[in-house]
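Below you'll find the structure, written out as structure tokens, and then a few comments.
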Amino acid sequence: MTLDTISNSTESISKNFQTYSHIALLIGKGRIEQVQDARMALYLIEDMHQLNRGKRPVSDEEVLELAKLITSLKYKRFFDSRLRKIAEISDIDSFMQQKGIVSSLDATYFTSLNDNWDYANNPERNSGWRIYTGIESDFGYNNTKNHTDYKVPAKDLIEYTYNQKTLNGFIVAGLKYEKPISLKWQQSAFVKARFGSFYKLRNQKETNQDDVNNFQGTTPSFDLNAGYGYGYYPNSRTWLTADWILSTSYSKEFTGTSKNDKENSTNNFYFLTGPSVQAYYYLSEKLRLSLYFNSFLQIDNENYITNIPEGSDNNQTRTNWNHELSASLTYSLF
């Protein structure tokens with residue numbers, strides 16, 4: 001019995017360079033601040049009174065002073081996490097004693113301080129509003145070169161080069177609003193609109209083949225995104241958020257072999273709206289439950305001016321109602 005041996009030997013060198021830049025020049029009014037430190041201050045004081053360790057009522061000014069102390073402690077640097085925890089709890093305790101807020105220094109009191117310090121700072125809470133306008137621009141460049149030399153069996157050398165340039169520019173305007181209605185309830189809203197153009201130019205070169213050039217541009221391109229929702233935070237460990245999202249866009253797409261010979265090929269319209277719900281439930285120190293659900297109505301309309309897909313109408317509309325439900329149960333071993 002004779003076995004034939006087939007040998008192949010190639011030498012290939014590939015080089016790739018990519019870069020991406022984003023520029024945003026915005027002007028606006030308003031400010032949004034994180035307020036979970038003030039939320040922690042309220043939990044520290046509320047739990048103290050619920051455990052009958054509170055000596056007197058606390059003023060709003062003292063709550064803000066405690067919140068500032070919490071913020072300053074978070075920005076202190078420590079090399080040992082154990083020493084950090086001791087210093088943090090000690091400073092909070094000193095504040096309570098100096099202000100005459102605490103009535104009894106016992107295990108219950110210190111356990112409450114430690115528990116709130118570990119859990120009452122999540123999740124992030126915000127307050128304020130911001131309105132803005134300006135311009136956003138992105139530039140991307142991708143260059144790939146591949147050199148393949150066929151040794152065995154001998155073939156012609158093949159060199160392949162791919163270049164892609166992308167550029168977009170948009171006028172933008174938006175509004176964001178965050179309002180802690182109470183310790184347990186949060187209201188949120190946002191809207192952002194963009195108007196501009198997007199361009200993509202590709203060039204491919206390969207040995208013994210014609211160069212391939214492709215231009216794609218969308219002008220005008222308009223998109224709008226908005227959302228409105230509430231958050232419910234019954235305690236320092238469990239929360240529920242519900243939002244209604246709206247997203248829509250319209251663009252005129254131009255294609256060709258270069259920017260000079262481009263022609264209108266497709267008009268695109270997109271619309272999506274629906275609710276989403278997220279929940280996080282603390283079962284125990286090591287066991288947590290997370291839930292996520294969304295249900296979105298999506299409409300896509302494509303009006304083909306040229307290059308109509310074979311066997312299809314020039315105007316196509318697709319309607320989908322998408323549902324997603326996911327749940328995770330996390331258990332920490334350590």
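The values are calculated or read from the model by the stated rules, or taken from the named source; none is laboratory data. Being a predicted model, the structure only gives us computed values, none of them experimental. Cβ: placed from backbone, ideal geometry, glycine included. Neighbour counts: every protein chain shown.
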*Check whether at least one residue in the stretch 267-275 is more than 30 Å from residue 308 (Cβ to Cβ) and either surrounded by fewer than 17 Cβ atoms within 10 Å (Cβ to Cβ) or not charged (D, E, K, R) (or both), and report yes or no.*
yes
*Exactly one of (1) modelled with pLDDT under 85; (2) outside any loop (DSSP other than H, G, I, E, B) is unmet by residue 79. Its number?*
(2)
*Restricting the stretch 118-135 to residues that are surrounded by fewer than 15 Cβ atoms within 10 Å (Cβ to Cβ) and in a loop (DSSP other than H, G, I, E, B), which is modelled with the lowest pLDDT?*
123
*Exclusive hit being of a type outside the set (Val, Ile, Thr), over 30 Å from residue 174 (Cβ atoms) and surrounded by fewer than 16 Cβ atoms within 10 Å (Cβ to Cβ), set 115, 47, 138*: 115
*Can you name the residue in the stretch 173-193 that is buried (at least 17 other Cβ atoms within 10 Å of the Cβ) and aromatic (Phe, Trp, Tyr) and is also farthest from residue 267 (Cα to Cα) among such residues?*
177
_Could you go through the stretch 147-157 and let me know if any residue there is surrounded by 15 or more Cβ atoms within 10 Å (Cβ to Cβ), in the same structural domain as residue 228 (by TED's automatic domain parsing) and either under 30 Å from residue 249 (Cα atoms) or within 30 Å of the chain's Cα centre (by Cα) (or both)._
no
_Among the residues that make up the stretch 91-113, is at least one of them under 26 Å from residue 232 (Cα atoms), touching a residue at least 12 places away in the same chain (Cβ under 8 Å) and not in a helix (DSSP H, G or I)?_
no
*Pairs only if they're at least six apart or on different chains, beta carbon under 9 angstrom, first in the stretch 313-334 and of a type in the set (S, T, N, Q), second in a loop (DSSP other than H, G, I, E, B); list them, first residue then second.*
314/305; 314/308; 316/309; 330/286; 332/285; 332/286
*Please find, among 227, 217, 196, the residue that is within 30 Å of residue 277 (Cβ to Cβ), surrounded by 14 or more Cβ atoms within 10 Å (Cβ to Cβ) and either modelled with pLDDT of 90 or more or out of contact with any strand residue (DSSP E or B) (no Cβ under 8 Å at 6 or more places or on another chain) (or both).*
227
*Please tell me if residue 289 is under 30 Å from residue 115 (Cβ atoms), free of Cβ contacts under 8 Å to residues at least 12 places away in the same chain and not hydroxyl-bearing (Ser, Thr, Tyr).*
no
*Residue identified as at pLDDT below 90 and at positive phi among 260, 208, 235*: 208
*Inspect all residues belonging to the stretch 237-259 and state whether any of them is out of contact with any His (no Cβ under 7 Å at 6 or more places or on another chain), of a type outside the set (Phe, Trp, Tyr), exposed (fewer than 13 other Cβ atoms within 10 Å of the Cβ) and free of Cβ contacts under 8 Å to residues at least 40 places away in the same chain.*
no
*Sort out which residues of the stretch 78-109 are out of contact with any helix residue (DSSP H, G or I) (no Cβ under 6 Å at 6 or more places or on another chain), loosely packed, with under 15 Cβ neighbours inside 10 Å and of a type in the set (A, V, I, L, M, F, W, C), and write them in order of number.*
79, 83, 86, 87, 105, 107
*Output yes when any residue across the stretch 126-138 is over 23 Å from the mean Cα position of the chain (by Cα) and touching a residue at least 12 places away in the same chain (Cβ under 8 Å), and no when none is.*
no
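Per-residue answers, yes or no, for (1) among the β-branched types (Val, Ile, Thr); (2) in a loop (DSSP other than H, G, I, E, B):
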site: 292; (1), (2): no, no
site: 295; (1), (2): no, no
site: 306; (1), (2): yes, yes
site: 311; (1), (2): no, yes
